[in-house]
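The values are calculated or read from the model by the stated rules, or taken from the named source; none is laboratory data. No experiment lies behind these values; they were computed from the predicted model shown. With ideal geometry, Cβ positions are generated from the backbone for all residues, glycine too; neighbour counts draw on all protein chains shown. We work out accessible area using only protein heavy atoms, side chains counted, and drop any ligands, DNA or RNA first. Shrake-Rupley method; radii C 1.70, N 1.55, O 1.52, S 1.80 Å.
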Amino acid sequence: MSSDAGNFPTWRGRWTFILAATGSAVGLGNIWKFPYIAGENGGGAFVLVYLACILLVGIPVMVAEVMLGRRGRHSPVNTMRAITAEVGARGYWRGLGWLGWMIAMLVLSFYSVIAGWALAYIPEMAIGAFQGVNAQSTKDIFDTMLQDRDRLILWHTVFMLMTAAVVTAGVTRGLGAAARVLMPILFILLVILLVFSYWHGDFARGFSFLFSFDFSKLTLRGVLEALGHAFFTLSLGVGAIMAYGAYMPADASIGKTVLTVALLDTVVALMAGMAIFPIVFAHGGIDPGAGPALLFVTLPVAFGAMEAGILIGGLFFILVVVAAWSSAISLLEPGVAWLAENRGFNRFTATLLLATVIWLLGLGTVLSFNDWAEYKFAGLTFFDGIDFLTSRILLPLSGLLIAIFVGWVLAPDVSKDELNGENSVAWPLWYWVLRYVCPPAIGIVLVVGLYDSFS
Ligand code: TRP
């Protein structure tokens, strides 16, 4: 990222943003989390509700976040400070910057552990551990890995170091360039997997599982999960997108840009789902509701049966790591930028400090799959608890506050002015949805969904 983005020719600035934002948005949320939560919630109806959440809540809030970032042109905490001062809003709105920061640290703590699983799978693929295996043996391989605490800690550590290295060096731009090459390859691999699933999996059943809307399977809890995931997958609510918005050229269209990012993100999630579920149904012994294990026990079956499985499987997990890496950077960067801007830390110390705290928290997630698996609070392990707290409480809450702030606290002229390049139908439509649809929808789903989760 470059702070002189405003001087770039428009097309270049816009695409720089799209690349950075897509790098942040496309990650484990699409490839790992979306398929498993869709599976746990019975498929079709959940997917439809999820798509509705992206369209009616995710996209409008994303426009609001990018707009705030471009208006403030600082790290998120300072952007919120500058804007609240500019419009004379009450000081506590600044807390939004803080809330985001805290959520980002919590999310990254488990994100890094899961990315570590993908890292651990690269050497497994390379030595051909999955050649010719069936679903039962992939499950055994996966379970053995989860039991091996030290191995999980090792890969969690490697991933945190990779993330911290890029953030300290401030070379997010270099990674952006790498993502430009690697993301299309990931896309091509997903297409190859889709073709494989079509020929060797139960494609029809996978398809109807994901796209036939059986609302009897949907719970209120599931609706909240869909909403929370819409924020998660678009990287909203923590200031990551706000931070990138600060680099958008003044004359680039925020609306079009956001639509592009959201579309790419959704397509990748649906492709991952369509690669995974046909394999689930073609091989007995895998439950669509297998939970966080789903990605790691299904696709290796496909790789194990392919001609060039070692190569394609190895490459696939490398790309999953790259996708997770560019997302993780966007989770760490805003906090580091703030410590460096305001507290006089240099980037290295700031990164070291935050990464260490996040790494320690991540140990809780590691242990919740082995030594602490039996320790539960309200039926949730440590990992479940952090996931629940972030995805189903804090992200929707943060999104709700952003919608209220931009829709009701900021004068309409501010957003109208900032979104000036947009056409005359889009702005009023967006503003109306942000004011009258987002806050009540998020509020109701949050309250009712939480009630349902605990009753
Ligand atoms: N969106 C990323 C994914 O789907 C994860 C992520 C990056 C994220 N930045 C975020 C999630 C900010 C929540 C908030 O994998």
Charge dipole of the chain about the Cα centre (unit charges at C-beta), most positive-ward option of V47, Y198, S235: S235
Distance from segment 102-127 to segment 24-56 (C-alpha centre basis), Å: 19
For segment 389-406, 3J(HN,Hα) per residue [Karplus equation, 6.51 cos²θ - 1.76 cosθ + 1.60, θ = phi - 60°, Hz, x = Gly/Pro]: 4, 6, 5, 9, 10, 6, 5, x, 4, 5, x, 4, 5, 5, 4, 5, 4, 6
nm² value of the averaged projected area, convex hull over the Cα atoms of the chain: 20.3
3J(HN,Hα) from dihedral phi, segment 161-168, Karplus parametrisation 6.51/-1.76/1.60, rounded to Hz, x for glycine, proline: 5, 4, 5, 5, 4, 5, 5, 5
Degrees between helix 220-233 axis and first principal axis of the chain (Cα, 0 to 90, nearest 10): 70
Per-residue [θ]222 nm for the chain (sum of -39500 (n - 2.57) over DSSP H runs n ≥ 4, rounded to 500): -23500 deg cm²/dmol
Two-decimal log10 I(q)/I(0) for segment 378-455, as the Debye equation yields it once each C-alpha is a single scatterer, q = 0.18 Å⁻¹: -0.77
With Cα atoms, 0 to 90° folded angle of helix 294-305 axis to the chain main axis: 50
Value of relative contact order over the chain, rounded to a whole percent, pairs C-alpha under 8 Å and six or more apart: 35
Environment charge at V445 (Cβ cut-off 15 Å; Lys +1, Arg +1, Asp -1, Glu -1): 0
Segment 337-410: trypsin sites (Lys or Arg not before Pro) falling in loop per DSSP and having at most 13 other Cβ within 10 Å: R343, K376
Heavy-atom accessible surface of the chain: percent carbon and sulfur, 1.4 Å: 66
Karplus-derived HN-Hα couplings along segment 440-455 (A = 6.51, B = -1.76, C = 1.60, θ = phi - 60°), whole Hz, x at Gly and Pro: x, 4, 5, x, 5, 4, 5, 5, 5, x, 5, 4, 5, 5, 9, 9
For segment 3-454: accessible area per residue (Å², 1.4 Å): 38
Non-local Lys pairs in segment 3-454, i.e. 8 or more apart or on different chains, that have alpha carbons under 25 Å apart: 5
Nearest-0.05 FRET efficiency for Y451 and W408, computed from C-beta distance (R0 22 Å): 0.30
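In debye to the nearest 20, how big a dipole does the chain give about its Cα centre with +1 on each Lys and Arg Cβ and -1 on each Asp and Glu Cβ?
Values: 24 positive and 27 negative charges, 197 e Å.
Roughly 940 debye, rounded to the nearest 20.
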Efficiency of FRET from Cβ geometry, A82 and A426, R₀ 25 Å, rounded to 0.05: 0.45
